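Read through the structure below, which is laid out as structure tokens, and then see the notes.
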Amino acid sequence: MAAWTDISGIRQKIADSSAEEVTASYIETIGKSKINGFTTVSDEAINAAREIDSNGHEGPLAGVPIAIKENISTKGLSTTCSSKILQGYVPPYDAHVIEKLKAAGAVILGKTNMDEFAMGTSTESSYYGPTFNPWDMDRVPGGSSGGSAAVVAAGEAPVSLGSDTGGSVRCPAAYCGVVGIKPTYGCISRYGLISYANSLEQIGPLATNVADIATIMDVVAGYDSRDSTSINRENTYSDALKDDVKGMKIGVPEEYFGEGIDENVEKAVWDSISKFEDMGATYEKVSMPHTKYALASYYIIAMSEASSNLARFDGTRYGYRADGDNWHVMASKTRAEGFGPEVKRRILLGTYALSAGYHDKYYLKALQVRTLVKQDFDRALANVDVLMAPTMPAPAFKIGEKIDDPLSLYLADVNTVPINLAGVPSISVPCGLSDGMPVGLQIIGKHFDENTIIRAAYSFEQNTDHHTRRPPEVA
Amino acid sequence: MITKEEVEHVGWLARIEIDAKESDAYAEKLNSVLDYFGQLDEVDTEGVKPTYHVADIVNVFRKDEVTESMPQEDVLANTEHKQEGNFKAPKIM
């Protein structure tokens, strides 16, 4: 039976039995899965676990299985961004985060499903078909790291890595009732993360509890010269695991409780803020007036960067190749047949926004609005320690409900994308249920002040029981 | 408003083949998104500097030293289309 076990529980099980037995039990659970969260289970996982057993590895994650999103390069293990165009692609190298995880003794369990090229909020646009939400199989798990959130919620992996360009870790964490963090831009090396919109995205862990998030951050964060936006800054995230928010100042941005918010979500978030008051924090309402423009700014920037980043998928060096007696024809057919409809739409819009005559109207304008959004954060966070808001304005929607209307899908990201534009860190933690579906509380911090949001999230967990609620059929 | 012809032109720029049958449907969906983007016109951005990225970094240099690189066979391992250590593609001119 699938069950939630935290990293310390896994380490205890390994001490009592072996890393091989622990990994084997997860593989057995995945074999019975109905949620389509994993795309590939690694053939090497058992061997890696056996090796940890035989060499007595003492790393902080020795023998701990971890699931990895389909867009993070794993040497020898298929990495396709859940796209037809990368079918058969096997990276010849590991991403920086994978090198770090392996050095810490982690066992790479397999790869998880995602929206094609991380472009989505539902994990429905995957070439491998949708992932189902373990709380309700008729609903989406969120996206784009839907597989990474769903497998943790379903007890098929204790922890996972996702990536967050506009909410892609926090959204599925909220929809699946688990914890997920989007670190400060520059905190974790993006070397080996297949780029979608590289000025916005960060890799982030997902787990069933805040302590495990800090443990993974301690392993994967840090400077890497191969990512030119990597920042050289030492930090120990697990130092922040303290139950203490006395005197913490919370800002509540009223724009994050806008039109269309689910009333149970609104109530759950306000109840959480009251709980923080009981725990010794204070709150004040703050205004972030450019929030309503963040979504348009975000999508223009993300699509523009995507149109450039995805130019490399042309059938020449890897992946799918269509026939054509001239390179341009071959590349145009490869991309027409290899990319799904949403990816094509975003590349077309990005190309249009960057093209002669439209560059200033769309792209430059979006970058200027980005500055104003960032200034909203600078101003708000000058007077408070953290901001709190709903991660998603409503709980997980039904599969098929929004897939044919791109704009309605984009609107779901209203509370997550401003954070990526500003580059600040944000963590989503479970804070209640709405009609049986999980609700996420988003705690946003200052640049490189992950420790304050981790401390707030950890304290909340110590004083509430939301994180103990599990999907049906999971112990 | 993006026209059907513009969709086909942008498709060519992006090297994504779009046939005449599809371009109407694309134009419709792209226009609904472009309409939404139009709301940025309301924002006064006179004199506001653009933010390309948020990291406080300008230029990142490294020493010009030769380091080990990936073996050629690894680089070529993901394609059948190769010859004498090179990628092989159809003629481009």
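The values are calculated or read from the model by the stated rules, or taken from the named source; none is laboratory data. The structure presented is a predicted model; accordingly, all values stated were derived computationally and were not measured. Methodologically, a virtual Cβ is constructed for each residue, glycine included, from the backbone with ideal geometry; neighbour enumeration extends over all protein chains shown. Heavy atoms of the whole protein, side chains included, go into the accessibility calculation; ligands, DNA and RNA do not. Shrake-Rupley method; radii C 1.70, N 1.55, O 1.52, S 1.80 Å.
Tell me, which strands (runs of 3 or more DSSP E) lie completely within region A:38-138 with 1 or more residues that are farther than 25 Å from A:Ser8 by Cβ? I'd like the intermediate steps shown before the answer.
Working: elements: A:38-41, A:65-69, A:107-112.
The strands (runs of 3 or more DSSP E) meeting that bar are A:38-41, A:107-112.
One line per residue, one yes/no per condition, for (1) open to solvent by 10 Å² or more (accessible area, probe 1.4 Å); (2) under 25 Å from A:Ala422 (Cβ atoms); (3) without any contact (Cβ under 8 Å) to a residue 24 or more places away in the chain; (4) among the aliphatic types (A, V, I, L, M):
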| residue | (1), (2), (3), (4) |
| --- | --- |
| A:Ser163 | no, yes, no, no |
| A:Ala173 | no, yes, no, yes |
| A:Val179 | no, yes, no, yes |
| A:Ala240 | no, yes, no, yes |
| A:Lys249 | yes, yes, no, no |
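Identify the single condition in (1) touching a helix residue (DSSP H, G or I) at 6+ places or on another chain (Cβ under 8 Å); (2) within 13 Å of chain B (Cβ to nearest Cβ); (3) not hydroxyl-bearing (Ser, Thr, Tyr) that A:Met330 does not satisfy, given that it satisfies every other one.
(1)
Only one of these is away from every other protein chain (no Cβ under 14 Å), open to solvent by 10 Å² or more (accessible area, probe 1.4 Å), closer than 22 Å to A:Met279 by Cα and in contact (Cβ under 8 Å) with a residue 40 or more places away in the chain: A:Asp385, A:Asp435. Name it. Working first, answer last.
Values: A:Asp435 fails: closer than 22 Å to A:Met279 by Cα.
Selected residue: A:Asp385, the only one of A:Asp385, A:Asp435 that is away from every other protein chain (no Cβ under 14 Å), open to solvent by 10 Å² or more (accessible area, probe 1.4 Å), closer than 22 Å to A:Met279 by Cα and in contact (Cβ under 8 Å) with a residue 40 or more places away in the chain.
Kindly evaluate A:Asp212 against the criterion of being open to solvent by 60 Å² or more (accessible area, probe 1.4 Å), away from chain B (no Cβ under 14 Å) and either touching a residue at least 40 places away in the same chain (Cβ under 8 Å) or under 19 Å from A:Gly186 (Cβ atoms) (or both).
Considered against the rule, which asks whether it is open to solvent by 60 Å² or more (accessible area, probe 1.4 Å), away from chain B (no Cβ under 14 Å) and either touching a residue at least 40 places away in the same chain (Cβ under 8 Å) or under 19 Å from A:Gly186 (Cβ atoms) (or both), A:Asp212 comes out as no.
Regarding A:Val343, is this residue farther than 18 Å from B:Tyr36 by Cβ, facing chain B (nearest Cβ under 10 Å), surrounded by fewer than 17 Cβ atoms within 10 Å (Cβ to Cβ) and among the aliphatic types (A, V, I, L, M)?
no
Search region A:294-323 for residues being open to solvent by 30 Å² or more (accessible area, probe 1.4 Å) and touching a helix residue (DSSP H, G or I) at 6+ places or on another chain (Cβ under 9 Å), and hand back the single one that is nearest to A:Tyr256 (Cα to Cα).
Restricting to residues being open to solvent by 30 Å² or more (accessible area, probe 1.4 Å) and touching a helix residue (DSSP H, G or I) at 6+ places or on another chain (Cβ under 9 Å), the top hit is A:Ser308.
Within region A:46-85, track down each residue that is under 20 Å from A:Ala150 (Cα atoms) and among the hydrophobic types (A, V, I, L, M, F, W, C).
Result: A:Val64, A:Ile66, A:Ala67, A:Ile68, A:Ile72, A:Cys81.
Just one of (1) out of contact with any Lys or Arg (no Cβ under 6 Å at 6 or more places or on another chain); (2) among the polar types (S, T, N, Q); (3) over 30 Å from A:Asp244 (Cβ atoms) trips up A:Asn383, so point out which.
Status for A:Asn383: all satisfied but (3).
Suppose we filter region A:234-256 for residues that are more than 22 Å from the chain's Cα centre (by Cα) and at negative phi; how many remain?
Filtering region A:234-256 for residues more than 22 Å from the chain's Cα centre (by Cα) gives A:234, A:239, A:242-255.
Subset that is at negative phi: A:234, A:239, A:242-246, A:248-255.
Qualifying residue count for the region: 15.
Which one is most open to solvent (accessible area, probe 1.4 Å), of the residues in region A:346-356 that are more than 7 Å from chain B (Cβ to nearest Cβ) and more than 20 Å from A:Asn71 (Cα to Cα)?
Checking each candidate, the answer is A:Ala356.
Confirm whether A:Leu200 is on the phi < 0 side of the Ramachandran plot, open to solvent by less than 10 Å² (accessible area, probe 1.4 Å) and in a loop (DSSP other than H, G, I, E, B).
The answer is yes for A:Leu200.
Name the residue that is nearest to the chain's Cα centre (by Cα), counting only residues in region B:1-60 that are among the charged types (D, E, K, R) and facing chain A (nearest Cβ under 7 Å).
Here the residue is B:Arg15.
Condition first: more than 13 Å from A:Glu58 (Cα to Cα), assigned to a helix (DSSP H, G or I) and open to solvent by less than 80 Å² (accessible area, probe 1.4 Å). Now tell me which residues in region A:9-24 satisfy that.
Those that are more than 13 Å from A:Glu58 (Cα to Cα), assigned to a helix (DSSP H, G or I) and open to solvent by less than 80 Å² (accessible area, probe 1.4 Å): A:Gly9, A:Ile10, A:Glu20, A:Val22, A:Thr23, A:Ala24.
Taking the conditions exactly as written (modelled with pLDDT of 95 or more and more than 7 Å from every other protein chain (Cβ to nearest Cβ)), does B:Asp64 satisfy them or not?
So B:Asp64 fails the test.
So if I check each of A:Ser225, A:Ser168, which one is among the polar types (S, T, N, Q) and in contact with a Ser or Thr (Cβ under 6 Å, 6 or more places away or on another chain)?
It is A:Ser168.
Looking at region B:1-84, what helices (runs of 4 or more DSSP H) fall wholly within it and have at least 1 residues that are among the small types (Gly, Ala, Ser), within 15 Å of A:Leu349 (Cβ to Cβ) and open to solvent by less than 60 Å² (accessible area, probe 1.4 Å)? First the steps, then the outcome.
On the way: elements: B:4-13, B:20-37, B:72-75.
Result: B:4-13, B:20-37.
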